[in-house]
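Take a look at this one; I'll ask things after.
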There are 2 protein chains.
Amino acid sequence: MSGPTPFEDCPAPAPPQRILLGHGGGGSLTRSLYERVFAPAFANPLLDARHDGAVFDLPAGRAALTTDAYVVRPLEFPGGDLGRMAICGTANDLAMCGARPLHLSASFVLEEGLEIAVLERLVASMAGAAREAGVEIVTGDTKVVERGSGDGVFITTSGVGVVEHTLPIGPGAARPGDAVLLSGDVGRHGAAIMASREALGLDTDLRTDCALLWPAVDALLAADLPVACLRDLTRGGLATALVEIARDAGVALAVDERQIAVSNPVRGLCELIGLDPLYVANEGRFLCIVPEARAEDALRALRACPVSANAVRIGHVTASPAGRVTLKSAIGSERVLHLQTGEQLPRIC
Amino acid sequence: MSGPTPFEDCPAPAPPQRILLGHGGGGSLTRSLYERVFAPAFANPLLDARHDGAVFDLPAGRAALTTDAYVVRPLEFPGGDLGRMAICGTANDLAMCGARPLHLSASFVLEEGLEIAVLERLVASMAGAAREAGVEIVTGDTKVVERGSGDGVFITTSGVGVVEHTLPIGPGAARPGDAVLLSGDVGRHGAAIMASREALGLDTDLRTDCALLWPAVDALLAADLPVACLRDLTRGGLATALVEIARDAGVALAVDERQIAVSNPVRGLCELIGLDPLYVANEGRFLCIVPEARAEDALRALRACPVSANAVRIGHVTASPAGRVTLKSAIGSERVLHLQTGEQLPRIC
């Protein structure tokens, strides 16, 4: 058998200021990290049960499951941070399924040497966003990788939501003639990340649009609107979301660029760097496809919510050619939108 | 607006053999990676819906949610690999909640430069393990980080399970007098990883014990046994699981070391390296606490399952002192088990 090992009841040194490999070992350092950082911020009865998972009641019917990894850099940027994104992004993916966000899980891959104070700030931000979303972080996991094998912290959140209606929301439900609505101006998140990363020396007030979308979806559902499809505009921006919906739905979309708002700071930054704001990431904007007959009702419901106060109709669904998105420009010309092959900006989310 | 960007309908180059940053950009490379690697391996109607999450029916009652990040190195080792672990580990955490594993999500953080062939092998292994577990991977996400900011691939899986009984399984349900059962010999996973990592030149047949535990739990529940607590023995091994249960339950545990099987290859490797096999990780072993009156019935149910064919009673729960685990050794002496502060072996799971 092995010789003596350092046991936790030896005289305790001062708590470490940085993540050590031992924080991922499953022993007393792992437990102390949990008790110092995670338990106080996320406290709730399910997490406090300290089991291998969380067990909870669900109403009969449909549920939704979603997951996303968050690797954005810098960790903190104007209007948000990695922690807030990890909550809002996953709650939003549930909302886009028409599901009320209920419970979230959080899994951390930490790099040896990460300042624990940074982790504490991110975790506090997650806890704040979770409160705002009305969800709890009910289970989690922490792993540590050697210095140089990670990049500070990656967070993967998953979420379970409750579907309280019978609509088959998804690309497959979009029909020719349906109206395409957009919840607000585009490009704020990507522009804020670019401005904070590039040290351009610009005195801009660019802030991420990172926000929770469920209140807007809830308003649509509460108004009994027959929502066909919802899609949030993250990586690849509005253009990518439009092309993906058109392809997956097997329909065409005709969109009027004049209806798509881009704020002056976003437009300015995009012109400076040479990016198309339609391809720039968002974290608080979404598309909604509804039957034309209910488009005005849907816009009214959306505009009553702060997160979608500037919702507009940007186009409509047509039957063919399947997968084609046509954009009518401000000067009346038309162009076809494609998926980009490259990477405008790595690690935007 | 921006100048021309490289569009996907340019003449296509040969498909890349390694992960590029663009595979994480959300555009056509992301889509092609999904269609080339993930969609064929994981194909199922929920995933194929290509929405922001998966929506499915759940029976009324209780559900479970769990998550784990998997960062083990090497990526492939005797008897398993990162992909198989990512499925078995999360399905097992659901089983330890007494929940039948139903649906899983998978989130990948890939490092630029990763060979796509390696990813394909891991994904095929995940798909095989998921079939074996009777679960589907219904939603997922892929991010790419720059070369040097990750380590090939990290996988986070989350799972939703269905709780088909009313038992409050967890540390809080353990009562003084209950029997402590162990499902088999310990230390195989950690020993297999050590042997494959250290290039010790040993001609051992050490293989991970990585396996699915739900069949054993299902057998316990089907026999109507009043299971109090289940805990799989991962990081920190048997000793850590015992101490955690004792602390979280506020009870003491008395365990007889002579009942704990350690195979000769595991014992030999641990002696060579100087590790205590009770602290070495497992991926297919678990503890079960049941009322003493039903211990023999529980052992009979466990032994009828291949994964727990060698289940034994290793001890019992006592009232105090809370959190104390006492191990009676082969020569009759007693020692107290503690959580280790350090890290026996980083990145074991």
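The values are calculated or read from the model by the stated rules, or taken from the named source; none is laboratory data. Not measured: the values here are computed from a predicted model. Backbone-built Cβ (ideal geometry, glycine too); neighbour counts: all protein chains shown. Protein only, heavy atoms only, side chains kept; ligands, DNA and RNA dropped before computing areas. Shrake-Rupley method; radii C 1.70, N 1.55, O 1.52, S 1.80 Å.
Under 10 Å from the Cβ of A:Val162, count the other residues' Cβ atoms, weight Lys and Arg +1, Asp and Glu -1, and hand me the total.
Taking every Cβ under 10 Å from that of A:Val162, the sum is +1.
A follow-up question, please. With the other protein chains left in place, how much accessible area per residue, in square angstrom, belongs to the stretch B:28-163 at a 1.4 angstrom probe?
It amounts to 27 Å² per residue over the stretch B:28-163.
Once fully extended, how much extra length lies between B:Glu271 and B:Arg36, figured as 0.36 nm per residue of separation less the alpha-carbon to alpha-carbon distance? Spell out each step's value before the answer.
Numbers: separation 235, 0.36 × 235 = 84.60 nm, distance 4.56 nm.
Residue separation times 0.36 nm, minus the Cα-Cα distance, leaves 80.0 nm.
Right, another one. Could you state, as a whole-number percent, how many of the C-alpha pairs of chain B are farther apart than 40 Å? Intermediate results must be reported in sequence, preceding the final value.
On the way: 11390 of 60726 pairs.
Tail of the P(r) past 40 Å holds 19 percent of the pairs.
Go ahead and run the numbers for FRET between B:Ala43 and B:Ser320, Cβ-Cβ distance against an R0 of 41 Å, rounding to 0.05.
Efficiency, from the Cβ-Cβ distance: 0.15.
Right, here's the next one. Across peptide A:244-256, what mean number of C-beta atoms from other chains lies inside 10 Å of a residue's C-beta?
Other-chain Cβ atoms within 10 Å of each residue's Cβ, averaged: 1.
Which of the listed residues, B:Phe77, A:Leu20, B:Ala106, is farthest toward the dipole's positive end in the protein assembly as shown, when Lys, Arg count +1 and Asp, Glu count -1 at the beta-carbon?
Toward the positive end, the furthest listed residue is B:Ala106.
Right, another one. Choose one of B:Leu238, B:Gly61, B:Leu272: the residue whose Cα lies farthest towards the positive end of the charge dipole of the protein assembly as shown (beta-carbon charges +1 Lys, Arg; -1 Asp, Glu; about the Cα centre).
Towards the positive end, the residue furthest out is B:Gly61.
What size of dipole, in debye to the nearest 20, comes out for the stretch B:171-337 about its Cα centre when the only charges are +1 on Lys and Arg C-beta atoms and -1 on Asp and Glu C-beta atoms?
200
Still on this structure, please answer the following. Local charge sum around A:Ala127 (other residues, Cβ-Cβ under 13 Å, Lys/Arg +1, Asp/Glu -1)?
Value of the local net charge: -1.
Rounded to a whole number, what is D in µm²/s for the protein assembly as shown from Stokes-Einstein with the Kirkwood radius over alpha-carbon pairs (20 °C, 1.002 mPa s)? Could the numbers behind the result be given before it?
On the way: Rh = 26.1 Å.
It comes out at roughly 82 µm²/s.
Something else now. Can you tell which of B:Val227, B:Ala211, B:Ala191 lies farthest toward the positive end of the dipole of the stretch B:189-288, using +1 and -1 charges on the Cβ of basic and acidic side chains (Lys, Arg; Asp, Glu)?
The Cα lying farthest towards the positive end belongs to B:Ala191.
In nanometres, what is the gap between the two model label sites at A:Asn310 and B:Gln17, each 7 Å from Cα along Cα-to-Cβ?
Going by the 7 Å Cα→Cβ label model, 4.9 nm.
In nm, one decimal, shortest first: how far is the label point of A:Ala319 (7 Å from Cα along Cα to beta carbon) from the matching points in the other copies?
For A:Ala319, the inter-copy label distances come out at 8.0 nm.
For a protection proxy built on the mean count of beta-carbon atoms within 10 angstrom, sort B:87-95, B:31-39, A:150-158 highest first, please.
B:87-95, A:150-158, B:31-39
Enumerate the lysines that B:Lys143 could reach by cross-link, defined here as Cα to Cα under 19 Å, with residues fewer than 8 away along the same chain left out.
List returned: A:Lys143.
Size of the dipole of the stretch B:20-179 about the Cα centre, Lys and Arg at +1 and Asp and Glu at -1 on the beta carbon, nothing else charged, in debye to 20?
Details: 12 positive and 19 negative charges, 38 e Å.
Dipole magnitude for the stretch B:20-179 comes out near 180 debye.
Return the percentage of antiparallel bridges among DSSP beta bridges fully within the protein assembly as shown, rounded to the nearest 5 %.
The antiparallel fraction comes to roughly 80 percent.
For peptide B:108-116, compute the average count of partner chain beta-carbon atoms within 10 Å of each residue's beta-carbon.
Partner Cβ neighbours, averaged per residue: 2.
Put a point 7 Å out from Cα along the line to Cβ at A:Gly61; what are the distances to that point in the other copies, in nm, shortest first?
A:Gly61 label point versus its equivalents elsewhere: 2.0 nm.
For chain A, what are the DSSP H helices with axial Cα length of 24 Å or more and mean Kyte-Doolittle hydropathy of at least 0.5?
A:116-133
From the label point of B:Gly342, set 7 Å from Cα along Cα→Cβ, how far away are the matching label points in the other copies, in nm, ordered shortest to longest?
Result for B:Gly342, in nm, nearest copy first: 5.0.
Expressed as a rounded percentage, what relative contact order does chain A have, with Cα pairs under 8 Å and six or more residues apart?
21
Using a cut-off of 9 Å between beta-carbons, work out the net charge of the residues near B:Cys88 (Lys and Arg +1, Asp and Glu -1, B:Cys88 not included). Walk me through the numbers on the way to the answer.
Working: positive: B:Arg84; negative: B:Glu132, B:Glu283.
My count for the surroundings of B:Cys88 gives -1.
Additional query: With each label point set 7 Å from Cα along the Cα-Cβ vector, what nm distance links A:Thr166 and A:Arg121?
Rounded to a tenth, the inter-label distance reads 5.1 nm.
Residue by residue through A:140-152, how many Cβ atoms from other chains fall within 10 Å of the Cβ on average?
What the average comes to for A:140-152 is 6.
Among DSSP beta bridges lying fully in the stretch B:28-163, give the percent that are antiparallel, nearest 5.
Among the beta bridges of the stretch B:28-163, antiparallel pairing accounts for roughly 70 percent.
With only Lys, Arg, Asp and Glu charged, each at its Cβ (+1 for the first two, -1 for the last two), find how big the charge dipole of chain B is about the Cα centre; round to the nearest 20 debye.
So the magnitude is around 600 debye.
Whose amide H sits under 5 Å from the amide H of B:Asp178, counting only residues 5 or more places off or on another chain, with H placed in the peptide plane?
Those lying under 5 Å, H to H, from B:Asp178 are B:Glu292, B:Val317.
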